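Just below is one structure, and these are the notes that go with it.
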Amino acid sequence: MLRNLIAALAVAGATPALATGLEVTVAGEANGTITIDLLEDVAPKHVAQITALAEAGQYDGVVFHRVIDGFMAQTGDVQFGDATDGYNYRRAGTGGSDLPDLPAEFSDVPFDTGVVGMARSQSPNSANSQFFIMFQPGPFLNGQYTVVGRVTDGQDVVQAIKRGHPRSGAISEGEPDRMTKVVVTD
């Protein structure tokens, strides 16, 4: 249904109205709400896709599957990362959504603390549903990954997200933190 709506809008030449932000409720070791300002002027295609997935409830229950201390927390694998649907830590992070991958929308927005970027494979045009939030600046990512937003409130919640293995960031012991609800804000 989601794919059909986006396809119909594209055929009609319409652009879906973009949201201005997300409210992400987190549960686990971190508990609270993260408010994200979406940068639709910087990455309109990525923001439209994230918004569509959030509005469809696809992010609800999805775990933070890769969390590296001093770097970032990654989530958004709607295919294999849903904690309410038989989450398997070995598969989380390997999936995406039913929507197509996106062409890169690189910008000059730096990867500072609280910046939200799109995860991807080696191909710059492979971002789909996964995203990450920076714990601290990562200038080595500048111009290499698409920036989609920035945390405006709740960075303390981000900083409290359960860390994974020191090298891989994988959460292989215990329960990972998860996004219990992701709401699109106007």
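Numerical summary
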{"item": "Matching option when the condition is out of contact with any Phe, Trp or Tyr (no Cβ under 9 Å at 6 or more places or on another chain) and within 23 Å of Gln58 (Cα to Cα), among Ser97, Ser107", "result": "Ser97"}
{"item": "Boolean, Ala52 is among the hydrophobic types (A, V, I, L, M, F, W, C) and not in a loop (DSSP other than H, G, I, E, B)", "result": "yes"}
{"item": "Lone qualifier among Ile133, Ile171, Ile68 - being buried (at least 17 other Cβ atoms within 10 Å of the Cβ), farther than 23 Å from Ala54 by Cβ and β-branched (Val, Ile, Thr)", "result": "Ile68"}
{"item": "Number of the condition not met by Ala8 [criteria: (1) at pLDDT below 95; (2) over 16 Å from Glu55 (Cα atoms); (3) crowded, with 17+ Cβ neighbours inside 10 Å; (4) not acidic (Asp, Glu)]", "result": "(3)"}
{"item": "Condition met for Pro124 (in contact with a Pro (Cβ under 9 Å, 6 or more places away or on another chain), at pLDDT 95 or above and either more than 17 Å from Ala170 (Cβ to Cβ) or surrounded by 14 or more Cβ atoms within 10 Å (Cβ to Cβ) (or both))", "result": "no"}
{"item": "Residue under evaluation Ala30, criteria (1) modelled with pLDDT of 95 or more; (2) out of contact with any Phe, Trp or Tyr (no Cβ under 9 Å at 6 or more places or on another chain); (3) surrounded by fewer than 21 Cβ atoms within 10 Å (Cβ to Cβ), criterion not met", "result": "(2)"}
{"item": "Single match in Thr94, Thr146 (criterion: among the hydroxyl-bearing types (Ser, Thr, Tyr) and either crowded, with 20+ Cβ neighbours inside 10 Å or touching a residue at least 40 places away in the same chain (Cβ under 8 Å) (or both))", "result": "Thr146"}
{"item": "Considering residues of segment 153-186 that are more than 20 Å from Gly70 (Cβ to Cβ) and more than 15 Å from the chain's Cα centre (by Cα) only, the residue modelled with the highest pLDDT", "result": "Asp153"}
{"item": "Output for segment 68-83, where each listed residue is of a type in the set (Val, Ile, Thr) and either out of contact with any Ser or Thr (no Cβ under 6 Å at 6 or more places or on another chain) or outside any loop (DSSP other than H, G, I, E, B) (or both)", "result": "Ile68, Thr75"}
{"item": "Counted residues, segment 21-55 - those being on the phi > 0 side of the Ramachandran plot and in contact with a Pro (Cβ under 9 Å, 6 or more places away or on another chain)", "result": "1"}
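Condition check ((1) out of contact with any helix residue (DSSP H, G or I) (no Cβ under 9 Å at 6 or more places or on another chain); (2) at pLDDT below 95) across all residues:
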site: Arg91; (1), (2): yes, yes
site: Leu102; (1), (2): no, no
site: Val115; (1), (2): no, no
site: Ser129; (1), (2): no, no
site: Gln136; (1), (2): yes, no
site: Asn142; (1), (2): yes, no
site: Val151; (1), (2): no, no
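The values are calculated or read from the model by the stated rules, or taken from the named source; none is laboratory data. The structure displayed is predicted, hence computed values, not measured ones. Neighbour counts are summed over all protein chains in view; Cβ atoms, including those assigned to glycine, are modelled from backbone coordinates with ideal geometry.
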